[in-house]
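Q: Sharing a structure here in structure tokens format.
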Amino acid sequence: MRTGIPGEAVAAVFIADRDDDPQLVIDAATTIYSLTPTEARVLELIVAGRSSAEMAKRLAIAPSTLKWHTLQLFDKTGLHRRADLMRLAAAFARAAKATAALGLRAEAQKRI
């Protein structure tokens, strides 16, 4: 949950044709947590299981810059470890699948 916004509810709805698209998870996190493009890319690489060295090389940034962006991710999400970010991404993916399943059920009921 985002800190600094007491009592304010935040929600986002994402509709897509493709199932299991990892970019949807990154897009959801980017919108909900107001991530910069670089923070979103760092999150994507963390979720993909990349090491810090791999991420810095892929992003063409210094390890200290990568650390800064990672700390920004932790601050914005209220999390403290990369494993927590991976769990957050997994929760977004589960929510997307559940939403898609509900949409399919509703569509099937309309046809009956």
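Q: Examine the stretch 52-70 for a residue that is among the charged types (D, E, K, R) and modelled with pLDDT under 95, and state whether such a residue exists.
A: Of all residues in the stretch 52-70, those among the charged types (D, E, K, R) come to 54, 57-58, 67.
Imposing the further condition that a residue be modelled with pLDDT under 95 reduces the set to none.
Checked against the condition, which is being among the charged types (D, E, K, R) and modelled with pLDDT under 95, the stretch 52-70 yields no hits at all.
Q: State all residues of the stretch 26-38 that are part of a helix (DSSP H, G or I) and within 10 Å of the chain's Cα centre (by Cα); if no residue qualifies, say none.
A: Taking the stretch 26-38 and keeping what is part of a helix (DSSP H, G or I), we get 26-33, 37-38.
Once the filter is applied, which keeps residues that are part of a helix (DSSP H, G or I) and within 10 Å of the chain's Cα centre (by Cα), the stretch 26-38 yields I26, D27, A28, A29, T30, T31, I32, Y33.
The values are calculated or read from the model by the stated rules, or taken from the named source; none is laboratory data. These numbers come from a predicted model, not from an experiment.
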